[in-house]
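The values are calculated or read from the model by the stated rules, or taken from the named source; none is laboratory data. These numbers were taken from a predicted model, which means no experiment stands behind them. Here the Cβ positions follow ideal geometry from the backbone for every residue, glycine too, while neighbour counts run over all protein chains shown. SASA here: full protein model, heavy atoms, side chains in, ligands and nucleic acids out. Shrake-Rupley method; radii C 1.70, N 1.55, O 1.52, S 1.80 Å.
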Amino acid sequence: MSQHLPVLIVVVPLLLAPLAALVGNWKAAWIVAAAASWWAFGVSIALVRRVLAEGTISYEIGGWAAPYGIEYRIDLVSAFVAMIVATIGAVAIIYARTSVRAEVSEDRGALFYSAFILCFTGLLGISVTGDVFNIFVFLEVSSLSAYALIAMGQDRRALTAAYQYLIMGSVGATFIVIGIGLMYSMTGTLNIADLAERLPAVADNRTIPVAFTFLTVGITLKLALFPLHLWLPNAYTYAPSAVTAFIASTATKVAVYLLLRFFFTVFGAEFSFEQMQLDKVLMPLALVAIVTMSLVAIYQDNVKRLLAYSSVAQIGYMVLGISFASVLGVTAGILHLFNHALMKGALFMAMGCVMYRVGSVRLERMKGLGKKMPWTMAAFVGGGLSLIGVPFTVGFVSKWYLVQAALERGMWPVAAVVMFGSLLAVIYVWKVVEVAYFQEADPDDDIREAPLGLLIPTWALVIASFYFGIDATTTADIATRAAEVLLGVGP
Amino acid sequence: MIALGLFNYWAVILLMMVGFYTLIARGNLVKKLIGLNIFQTSVIMLYVSMGKVAGGTAPILVEGAEHVVYSNPIPHVLMLTAIVVGVATTALGLSLVVRINEAFGTVEDDELRDESL
Amino acid sequence: MTPGVLIATAMLLPVAGAFALLFWDKKPNVREAVTLITGAATFWHVYQLLPLVRSGLRPRLDLFEVLPGVQLAFEVEPLGMVFALVASFLWPITSLYAIGYMRGHHEENQTRFFFFFAVAIAGALGVAFSANLFTLFAFYEVLTLCTFPLVTHHQTEEAKKAGRIYLGILLTTSIGFQLLAIIWTWVLAGTVDFTDGGILAGTASAGVLSAILVLYVFGVGKAAVMPFHRWLPAAMVAPTPVSALLHAVAVVKAGVFTVLKVAVYVFGIDLLATLSATPWLAWVAATTIILGSLVAMTKDNLKARLAYSTISQLSYIVLGAMLANEWGIIGGGMHIAMHAFGKITLFFAAGAVMVAAHERNISQMHGLGRRMPITFGAFFIGALSIIGLPPAGGSWSKWFLGMGTLEAGQVGLLAVLMVSSLLGLYYLLEVPVKAFFFKPPADAHHAEGIHEAPMPMVIAMVVTATATLGLFLYPDLVFELMAMVIPGGAQ
Amino acid sequence: MDDLVVLRVGTKILIPFILLFALYVQFHGDYGPGGGFQAGVIFAAAYVLYALVFGIGNALRVMPAKVVYACGAVGVMIFVGTGFVTMGLGGVFLDYNVLAHEPSHGQHYGIIAVELGVLVTVFGVMVAIFYAFAGRRRLDP
């Protein structure tokens, strides 16, 4: 049993996804979906522990040996990303039970959960597989189901948002396939470990830089790095709340994982950053993303859209960390993957609570919510503090490492930009807080606190974002070791 | 003449550009999808032509014969998957277009933009 | 109790008291009894630490590692002892005063007020006891955030605007500069622990260290060095007890305390004296002293005048730190205590006038002294201390600061101190003089029926005024503690 | 389309052969060219042809939308289920060798089973897409 864990984390949800569609009734479908995500959650924890104890795990699908057959290869980075996805999935599914009922029509409930689990499976699959074409397949599994999920939003603009995402996402995925194809044509292998071994021999050939470029564009499109982020704000704004919370904390994170995987493991840091000078591209874009997207966020009056722009800025932080290509920088990037998943999940979930009671997340409808929905807004403040990077929250931990990485390189202006980004976060978070706490509500509104079914998952993430801010040694340790694995300097 | 010897790649690039251009330049959502399809097809061509070994036969085991040159089957197999993905994307895209048409009464990008505001 | 437990209880008591308050929301008498008892108990616990510190011990409490290598830890050293003693002694007294004030003024949301008040004290004690820069920064931010609801207590438009300035400046400076400086310190020194003699010596060029010093001094927004002083007058919209304890003692002193602590334990006096930024910053502080006094003279609103006086006085302490010799440090440290008692007395008196006569402006206070002799008598004593005249405690700290300027060879700075005293003579003594000796204005509506403020307020005032006098007669304790801060003791 | 006799008769004759061909492709798919994907598409083509000629109402009576959706789901489960069976028999996921007494037979069985899953899914999805578009009412002009 335990030797099958690497594949079980993917195939059990894959088996349960159609089952959820088959059972038809949304309640039963929810049970199936919850079983799938909690199963994956448990397995992901077990995998992290095993990888920490024993090192990289390899699993050969169908018993075909590695470079020929498909290999599932789980190192610390994969296990950590899988754990992030599974954790958020497990919390989001609890949240979905109440939230989706309010926002998605009942006859589509079963299909919703089926698509949800498929998306979940795809994201897990990307993180555990050791085969580049398999990555593409899982990427499409997750993306296609994500498009469908977004289209289920109440607002009709959800449809156009999903369409826009579909077009841009497919272009991104196709770019990735082109990159993979060109690499295959030079090396004749699709296995990540094997590719990493064979690429240096042909690195002088012009095909490899071309493949590299296609992959860069494709992946940055998927992770919504500025200026390829245009699909993201609408998609996050109009998707059902549970979907926003889930996708915002997982989909882009997995895309960042792809970035790490391709540029560090497949091409190697030396090729990516010294030969191709990737940092010269990524770092300015990341910095611009941090500043401009935070500024744009300030001017939004739909809070979900505000948070979506903030997400683009936060992706900038992750990419910035990676662009240092040092252990500290990559550690910061990986840490922020996890930390941002927690806080953005909590924030979007809090907005889902508002959506549930108020029916809108526009700023002018949130007047006086601090009194009427104290727990919800307290959760928002908690997540917001983390976004700002106040001590004892996860956001602080990320910032600590990021600034450290910048200073280590002597790039103090970069560190200053990071700080400036936090200050912009103060403004957009406080904008919401002021409306919720300082403006009087309409007296005839009958708004009550959100139900426990929504509050408990929201607070679970808020508390986690405080817990891992107070005791960050575990996550920081894992992230450091993961960074060492990626840079090949670890034991 | 080397450039002409790689005519398959030229064809792929041409298709790719046609698809990409349609995808970007056309305002009609259905036409965008068609562009996306052409774009994806060009990638399929890229892979398939990549797997062809000059003088090779279809990769089916020929009983008894030794030293037979086969084309590389893996790119073809991969493209089978890519085709499935393409079909799924198109189907999903078209169904979205149908619903957009029902919700907004138009499938033109510029009109939609006005509607959304 | 072991020292570690003492430290923990001293900080936990206010928090526990705060939560206990919530239970007696509906019973004001019980609620306020709880406040007073916790206040007294907290002071008692802090006082228990005093003999240990005087005997040269440094009680320590290590909680846990937050980040690898960075601990949440507390250590009571003499400087922190001074600050903790002052803050915890004045808390129960201010609570007593607040009871009279809040009831006399019929304020709303009193439970929330007392709750955040107590938490703020816990934050101040956390700052006082912090054993490293991280812990200090964390509690510094806790203090910022939990005083925000106090500043915006009235929830009016004006309060909202003040709150924005308050939070904006304090977070901008702390996240933008101070955190950057802390992380820079960590990168250079590999530690953020406060160590005798400093940790930065020899880690980088003088230019870099000067830059870090500038970041620290301006990054501690709570020290209100110009141009980052605007938050302090803005915070005066808060109820007077908040202005008294937090914006004359706990919050602002947390700022200057941080500057002193950084000067002594991070840079070390010897290193500090060699940096080119140090005299420059001393002159910035001197400018603030003069400008603050000048602005104070123009203010007719008594609380605003006191606020600018505070800005000016805080820079005495920053100046003391930047003199970078033992007399400067001793004078600065003593001024923490001296200014605290003097200024809180002044605020108490100002609040008493507001409650009893409903007057805020000095021009309306003519002749009030005859009706409220105790109040204005206390004001007079407080004013003497701030100006630095015997028989009030403030004269000692000024004396030592003056010696510091001479030792540093900065006669110009000595002149600044003198001029500032003269200005203080004018803008502070104007109030009691006019109150006692001027005739009430013709349109004054307060002629009849005005008498002293409620009893709890008068008691509080008398206690602090007496203490101010007492500190003149017995400054030994503070001096002794401060002398222990200096490596090798004072000659 | 009641008047198009030739079409109706022609279709009736063709459909069984198309279905048979689909099965041929399916069962030939273990070691030779062919397989579930192609077979599923051909199978669906036969069905779509029927629906085109005899009307979607009749087609829905033969196979209601629910059954079609179920096909899509069941196929995936057959595929994944095969993997679980091989795991249960002591192999790794999708290790067909353990399915029979000797590996090459096992490979036969395994591939056929997996391809059957693919066939069912592809058929289900293809017909579902057809239903989704064909069954939609026209927008009022």
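A few points about this structure:
- Checking C:VAL458, C:VAL416 one by one, the residue that is modelled with pLDDT under 85 and open to solvent by less than 70 Å² (accessible area, probe 1.4 Å) is C:VAL458 and no other.
- Annotation note: Cβ proximity below 7 Å between a residue of segment D:6-28 that is over 20 Å from D:ALA51 (Cβ atoms) and a residue that is charged (D, E, K, R) (sequence gap 6+ or interchain) occurs for D:GLN26/D:GLU115.
- All positions within segment A:183-192 that are facing chain B (nearest Cβ under 9 Å) and surrounded by fewer than 22 Cβ atoms within 10 Å (Cβ to Cβ): A:SER185, A:GLY188
- Condition check for A:THR129: more than 10 Å from chain B (Cβ to nearest Cβ), at pLDDT below 95 and open to solvent by less than 20 Å² (accessible area, probe 1.4 Å): yes
- Members of segment C:235-267 found to be modelled with pLDDT under 85 and over 13 Å from the mean Cα position of the chain (by Cα), listed by number: C:ALA235, C:MET236, C:VAL237, C:ALA238, C:PRO239, C:THR240, C:PRO241
- When the helices (runs of 4 or more DSSP H) confined to segment C:86-173 are screened for residues that are among the basic types (Lys, Arg), those reaching at least 1 such residues are found at C:110-129, C:157-173.
- For A:ALA476: the one exception among (1) within 11 Å of another protein chain (Cβ to nearest Cβ); (2) out of contact with any Phe, Trp or Tyr (no Cβ under 8 Å at 6 or more places or on another chain); (3) in contact (Cβ under 8 Å) with a residue 24 or more places away in the chain: (2)
- Residue in segment B:63-73 that is within 11 Å of chain A (Cβ to nearest Cβ), more than 30 Å from A:TYR238 (Cα to Cα) and not in a helix (DSSP H, G or I) present: yes
- Scanning segment C:110-160 for residues that are touching a residue at least 12 places away in the same chain (Cβ under 8 Å) and charged (D, E, K, R) yields C:ARG112, C:GLU141, C:GLU158.
- Hey, A:ALA286 outside any helix (DSSP H, G or I), within 24 Å of A:GLU484 (Cα to Cα) and not hydroxyl-bearing (Ser, Thr, Tyr) or not: no
- Here A:LEU47, A:LEU22, A:LEU5 are screened, and the one residue that is part of a helix (DSSP H, G or I), surrounded by 22 or more Cβ atoms within 10 Å (Cβ to Cβ) and not polar (S, T, N, Q) is A:LEU47.
- Segment C:191-206 - residue that is farther than 13 Å from C:VAL262 by Cβ and touching a residue at least 12 places away in the same chain (Cβ under 8 Å) and, of those, farthest from the other protein chains (Cβ to nearest Cβ): C:ASP196
- Taking the listed residues B:LYS31, B:LYS52, the one that is more than 9 Å from chain A (Cβ to nearest Cβ), over 16 Å from A:LEU166 (Cα atoms) and among the basic types (Lys, Arg) is B:LYS52, with no other qualifying.
- Out of B:ARG26, B:ARG99, sole residue that is in contact with a helix residue (DSSP H, G or I) (Cβ under 9 Å, 6 or more places away or on another chain), of a type outside the set (Asp, Glu) and more than 9 Å from every other protein chain (Cβ to nearest Cβ): B:ARG26
- Restricting attention to segment C:87-120, the residues that are among the β-branched types (Val, Ile, Thr) and open to solvent by less than 10 Å² (accessible area, probe 1.4 Å) total 1.
- Matching residues in segment A:450-473 - criterion: being open to solvent by 40 Å² or more (accessible area, probe 1.4 Å) and touching a helix residue (DSSP H, G or I) at 6+ places or on another chain (Cβ under 8 Å): A:ILE456, A:TRP459, A:ALA460, A:PHE466, A:PHE468
- Here A:ILE208 meets the list (1) within 13 Å of chain B (Cβ to nearest Cβ); (2) of a type in the set (A, V, I, L, M, F, W, C); (3) farther than 28 Å from B:THR22 by Cβ almost entirely, failing just condition (1).
- Qualifying position, being open to solvent by 10 Å² or more (accessible area, probe 1.4 Å) and among the hydroxyl-bearing types (Ser, Thr, Tyr), among A:THR121, A:THR98: A:THR98
- Pairs, first touching a residue at least 12 places away in the same chain (Cβ under 8 Å) in segment C:169-183, second in a helix (DSSP H, G or I) and basic (Lys, Arg), C-beta under 9 Å, six or more apart: C:LEU170/C:LYS222; C:THR173/C:LYS222; C:SER174/C:LYS222; C:LEU179/A:LYS399
- Matching residues in segment D:87-125 - criterion: being in a helix (DSSP H, G or I) and within 8 Å of chain A (Cβ to nearest Cβ): D:MET87, D:TYR96, D:ASN97
- Residue check: D:ARG136 meets all listed conditions (1) touching a Gly at 6+ places or on another chain (Cβ under 7 Å); (2) of a type in the set (D, E, K, R); (3) open to solvent by 40 Å² or more (accessible area, probe 1.4 Å) but one, namely (1).
- Residues of segment D:79-107 that turn out to be under 18 Å from D:GLY29 (Cβ atoms) and either open to solvent by 60 Å² or more (accessible area, probe 1.4 Å) or in contact with a Cys (Cβ under 8 Å, 6 or more places away or on another chain) (or both), as a count: 2
- Residue list for segment A:137-153, restricted to those being more than 10 Å from chain B (Cβ to nearest Cβ) and touching a Gly at 6+ places or on another chain (Cβ under 9 Å): A:PHE138, A:SER142, A:ALA146
- Single residue of segment A:154-170 satisfying the filter (more than 7 Å from every other protein chain (Cβ to nearest Cβ) and open to solvent by less than 10 Å² (accessible area, probe 1.4 Å)) that is nearest to A:PHE112 (Cα to Cα): A:ALA158
- Restricting attention to segment D:29-44 and to residues that are part of a helix (DSSP H, G or I) and either free of Cβ contacts under 8 Å to residues at least 40 places away in the same chain or among the hydroxyl-bearing types (Ser, Thr, Tyr) (or both), the residue that is most open to solvent (accessible area, probe 1.4 Å) turns out to be D:GLN38.
- Exactly one residue out of C:THR35, C:THR42, C:THR9 is free of Cβ contacts under 8 Å to residues at least 40 places away in the same chain, surrounded by 15 or more Cβ atoms within 10 Å (Cβ to Cβ) and in the same structural domain as C:GLY190 (by TED's automatic domain parsing): that is C:THR9.
- Index of the failed condition, C:VAL355 passing every other in (1) modelled with pLDDT of 85 or more; (2) open to solvent by 10 Å² or more (accessible area, probe 1.4 Å): (1)
- The listed residue being out of contact with any Gly (no Cβ under 9 Å at 6 or more places or on another chain) and buried (at least 16 other Cβ atoms within 10 Å of the Cβ), out of B:MET79, B:MET45, B:MET17: B:MET45
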